[in-house]
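Since the structure comes first, as structure tokens, the remarks are kept for the end.
Each reported figure results from applying straightforward, stated rules to the coordinates on display, with no laboratory input. None of these values were measured; they are calculated from a predicted model. Cβ atoms come from the backbone with ideal geometry, glycine included; neighbour counts cover every protein chain shown.
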Amino acid sequence: MFLLVCQLPSRGLPCGFWRSFSPFLFLASMVLAASAEARSAFVLPPPHALESIPAGTYDDRGRRLGDAALFWEKLDDGTIHMRAVTRVEGGARNTIDTWFEEVDEGRALRALREESLSYDGEGNRMVLVRVDHERRKASCTPPPGSGKKVETIELGPEDRVANTTMSLLFQPLIRGDVERIEFQAFLCRGGARLMGFVALPGPRSDDGQVVEIRFGPNLGRVASWFASVVVPKLRFWFTAEGGEYLAHRMPLYGGGPEVVVSREGVSAGFRRR
């Protein structure tokens with residue numbers, strides 16, 4: 001509650017003047033409070049290390065299509081930056097960038113901004129997908145010269161969007177702390193919108209050392225069964241001990257080819273499911 005008490009010097013203006021503005025001051029205070037609370041709802045575990053992880057891009061048969069890489073670094077302003085690059089040699093590519101703030105004295109991270117930019121097989125730039133958790137906005141920026149307008153939607157004060165942070169978001173599933181994780185993805189193909197997703201633990205490898213996490217649109221039982229037939233098989237794989245990222249399977253971009261990205265030196269056997 002905002003309470004204005006006219007006890008201090010008012011620069012010669014009557015108390016009634018200030019009282020008449022109290023509703024506006026109250027509204028302004030609420031707007032500022034809402035802005036201060038704008039953030040991602042997810043507090044995430046940090047990566048195992050700030051490092052560069054070489055990887056490769058593969059098709060479902062295990063044929064290598066190109067190079068990939070994942071980079072973690074701490075910037076001069078204290079934010080943590082993650083970049084992931086996925087390439088198909090001589091063709092399409094995707095780059096994602098995510099900036100995090102450290103919370104809980106550096107023991108956890110919270111996403112500040114997420115960006116994803118793809119190029120199709122002919123090298124044409126596609127839509128820039130941007131999620132700004134601090135400003136509570138998500139936008140789809142078309143390529144220059146397309147004649148299309150930027151599409152923007154508002155996010156809630158503690159949004160559950162996790163376009164690029166799933167390798168951290170799924171850690172409680174790997175440890176068995178929870179049975180499912182619900183989150184949202186911001187999509188641009190077909191118009192700017194949010195879609196609910198759910199992640200569930202899948203089978204382990206035969207030796208028990210690899211955990212599979214499956215995720216997809218959260219559409220209810222019947223719709224989810226239908227989606228399981230027509231929607232791409234979205235997967236992440238982690239080590240059972242420690243939850244270290246190994247690989248993932250997703251479309252290279254919205255409507256693009258489905259690829260498997262796997263860190264170098266990891267056997268492809270566990271991915272053939």
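I'd like to compare 235-242, 101-108, 43-50: which one has the highest average count of other Cβ atoms within 10 Å, and what's the full order after that? If you can, show how the numbers build up before the last one.
Values: 235-242: 17.2, 101-108: 12.4, 43-50: 14.9.
The densest-packed peptide leads the list: 235-242, 43-50, 101-108.
Could you list which residues have their amide H under 5 Å from that of Leu112, counting only those 5 or more apart in sequence or on another chain, with H placed in the peptide plane?
Correct list: Trp99, Phe100, Glu101.
Only bridges whose two residues both fall in region 137-227 count here: according to DSSP, what percent of them are antiparallel, nearest 5?
Working: 17 of 18 bridges.
Once the DSSP bridges in region 137-227 are tallied, antiparallel ones form about 95 percent.
So, in nm, how far is label Arg204 from label Glu73 when the simple model puts each one 7 Å beyond its Cα toward the Cβ?
Between Arg204 and Glu73, the simple spin-label model gives 3.8 nm.
Ranked highest first by the average count of other Cβ atoms within 10 Å around their residues, in what order do 130-142, 150-162 fall?
130-142, 150-162
Apply the Karplus curve 6.51 cos²θ - 1.76 cosθ + 1.60, θ = phi - 60°, to the phi angles in region 120-126 and return the couplings in whole Hz, x for Gly and Pro.
Along region 120-126, the couplings run 7, x, 9, x, 7, 5, 10 Hz.
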